[in-house]
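The values are calculated or read from the model by the stated rules, or taken from the named source; none is laboratory data. Keep in mind that this is a model prediction, so the values were computed, not measured. We place every Cβ from the backbone using ideal geometry, glycine too, and count neighbours over all the protein chains shown.
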Amino acid sequence: MSGWNILTIVQILFFTTGAYYFFKSSQKKKLKGEFSSMENARQLDELEEMRQQKLAVPLSEQTRPKDLSEIIGQEKAIKALRAALCGPNPQHILIYGPPGVGKTAAARLILEEAKAKEDSPFSEGAKFVEIDATTLQFDERNIADPLMGSVHDPIYQGAGAFGQMGVPQPRPGAICEANGGVLFIDEIGELHSVQMNKLLKILEDRIARFQSSYYNRENKSIPPYIHEIFQKGIPADFRLIGATTRSPLDIPPALRSRCTEIFFEGLDEKAVEHIARNSLNKGGIAYEEGLSKKIACYARGGRDTVNIVQSLTSLAAMEGNRKITFADLDWVAEAGRYQPILRRRVNKTPQVGVVNGMAVQGGGGGALLAIEASVKKAEQGQLTVTGIVEEEEIRGRQRSSRRKSNARSSAENVLTVLESYGFKKDAYQVHINFPGGTPVDGPSAGIAMFLAVYSAFTGTAVEGEIALTGEIGLQGQVLPVGGVTDKLTAAIDAGVKRAFVPKENWQEAFGSLGISVVSLEYVDELLFHVFGHNEKGNYREEKDILTAREGDAC
């Protein structure tokens, strides 16, 4: 009897405990539901209140290009982008260029243009998915990867109902979101090497695949769509547009080989002036005539220009001025520590031993540099080369290297060639100088150094409105070099009227640049065009120079 009573008491206690637990759980769920509903309403109200609190639209947003015609100074790059994206077989693209020149805006606008083409594979709903490689999270455990996507395994916090059932959940990344459209990766050169390698694989397969040790083909509790994802992947058929401020040498060759490369130029003075004028007009405050031109003396790109104009309009509004003045610009430049940009202009006066060489800057873009030469008789010959950066550090994504200038070697070639013109190495001291401490690789300055030394040796002045580029061979050949188009652009901006380039670099497009571009095969042609005589000092017809070696032409 006592045993029966004990059993009964235990059963009653067990039943009571279970009922109490069930009751409390029901109450918690009820309270949770009521709390969630109230909290949800409160959060929605806060969101709506935040939406009502709006500031003025930033000038940078007001001036953002809404049409390709508003992107200044990038006509060639925009044409190349159109060719790569707007056809029936759009390409993957790498865009190089400094910040603030319109790379992202151009890509976005041209996708819209491509979508309107009848033969374009981009549908009307094709997305432009934009991400920044510098802010992308990367986790070696693959817990989170906004670019490639990841798998939310059951062991992770917040796995939810699927997690309780032991079901892994694939989370697609930007590559899947961009399917059928464009994936734009800004600063693509900053991608982690693992992400870069995964991206290359995606470009080949056009499928995003997911893996998890928790996935089991035989697990019937896993929904069919998750089985489909793990077994067949998710489509990731997009066109990649990667933008970078780095040099092409800093980008992995495997990526470059899969892409069409397009180069956006740094903005010249006229382009910056145009942007400044547009920004001032949108600022809504009157300004002194010529202010946009003065702004171009401080701003190096579109963002600099807009920031200066924004500061000017804010200053005018704060002080109650109805007009922006040059004095306001001086104050903004001083407060913002903007330094005047020194843009070289050619000296129109002919000079002995001074010529203009055309070069390419380390960050891209052309530059004009002065080359000076002095030749003096001496008992012992000597060559001195000054003003060059002897060694330059080249930084890459994963390593850096040092490149030594071979300008002195090129100068040695110059002296050897000059011996055919009566010059004796052992009888003269030759000093070649590059004012300003410019990084000069050497070969492309060959014919410019030759002309400078020849001018100093003969005492013959060289006109100031010419510029040269080209490597010099030991037989007086003018050999091809790189970056000729960029060099010519810089020469035009500096006021050059006549430029000399190697014959193998000649392009028909040079005829439309607005200056005379002369192709050279040998340095005696250069001497004829500059001084009117050949290596023997004899005058002859220009047609003789141009046709003398026709049999050697390609």
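Every residue, every condition in (1) among the acidic types (Asp, Glu); (2) in the same structural domain as PRO121 (by TED's automatic domain parsing); (3) in a loop (DSSP other than H, G, I, E, B); (4) surrounded by 15 or more Cβ atoms within 10 Å (Cβ to Cβ), yes or no:
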position	(1), (2), (3), (4)
PRO170	no, yes, no, yes
CYS176	no, yes, no, yes
GLY189	no, yes, no, yes
GLU204	yes, yes, no, no
ASN216	no, yes, yes, yes
SER221	no, yes, yes, no
ILE229	no, yes, no, yes
ASP237	yes, yes, yes, yes
LEU249	no, yes, no, no
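Residues of the stretch 271-286 being in contact with a strand residue (DSSP E or B) (Cβ under 7 Å, 6 or more places away or on another chain) and either assigned to a helix (DSSP H, G or I) or under 22 Å from GLN339 (Cβ atoms) (or both), which ones?
Hit for the stretch 271-286 is LEU280, nothing else.
Can you tell me which residue in the stretch 117-137 is modelled with the lowest pLDDT, limited to those that are within 22 Å of GLU187 (Cβ to Cβ) and surrounded by 16 or more Cβ atoms within 10 Å (Cβ to Cβ)?
That would be LEU136.
Scan (1) surrounded by 16 or more Cβ atoms within 10 Å (Cβ to Cβ); (2) closer than 14 Å to GLN62 by Cβ; (3) among the polar types (S, T, N, Q) for the single condition ASN281 breaks and write down its number.
Answer for ASN281: the failing condition is (1).
Looking at the stretch 455-480, which of its residues are aliphatic (A, V, I, L, M) and under 15 Å from ILE371 (Cβ atoms)?
Listed by number, the residues that qualify are ALA456, ALA461, VAL462, ILE466, ALA467, LEU468, ILE472.
Is it the case that some residue within the stretch 507-530 is touching a Phe, Trp or Tyr at 6+ places or on another chain (Cβ under 7 Å), small (Gly, Ala, Ser) and surrounded by fewer than 22 Cβ atoms within 10 Å (Cβ to Cβ)?
Within the stretch 507-530 (the criterion being touching a Phe, Trp or Tyr at 6+ places or on another chain (Cβ under 7 Å), small (Gly, Ala, Ser) and surrounded by fewer than 22 Cβ atoms within 10 Å (Cβ to Cβ)), the answer is yes, since at least one residue qualifies.
With the requirement that a residue be outside any strand (DSSP E or B), modelled with pLDDT of 75 or more and in contact with a helix residue (DSSP H, G or I) (Cβ under 6 Å, 6 or more places away or on another chain), what does the stretch 360-394 give you?
Answer for the stretch 360-394, where residues must be outside any strand (DSSP E or B), modelled with pLDDT of 75 or more and in contact with a helix residue (DSSP H, G or I) (Cβ under 6 Å, 6 or more places away or on another chain): just GLY381.
Within the stretch 220-253, can you find the residues that are among the hydroxyl-bearing types (Ser, Thr, Tyr) and within 33 Å of the chain's Cα centre (by Cα)?
THR244, THR245, SER247 - these are the residues of the stretch 220-253 that are among the hydroxyl-bearing types (Ser, Thr, Tyr) and within 33 Å of the chain's Cα centre (by Cα).
Report, by residue number, each residue of the stretch 467-482 that is in a loop (DSSP other than H, G, I, E, B) and either surrounded by fewer than 19 Cβ atoms within 10 Å (Cβ to Cβ) or over 28 Å from the mean Cα position of the chain (by Cα) (or both).
Selection gives GLY473, LEU474, GLN475, GLY476, PRO480, GLY482.
Taking the stretch 251-278 on its own, how many of its residues are surrounded by fewer than 17 Cβ atoms within 10 Å (Cβ to Cβ) and among the acidic types (Asp, Glu)?
Total satisfying the criteria: 2.
When the stretch 56-106 is examined, which residues are found to be within 30 Å of SER314 (Cβ to Cβ), modelled with pLDDT under 90 and charged (D, E, K, R)?
Within the stretch 56-106, GLU61, ARG64, LYS66, ASP67, GLU70 meet the criteria.
Quick one: is GLY464 in a loop (DSSP other than H, G, I, E, B) and either without any contact (Cβ under 8 Å) to a residue 24 or more places away in the chain or among the small types (Gly, Ala, Ser) (or both)?
Yes: the conditions hold for GLY464.
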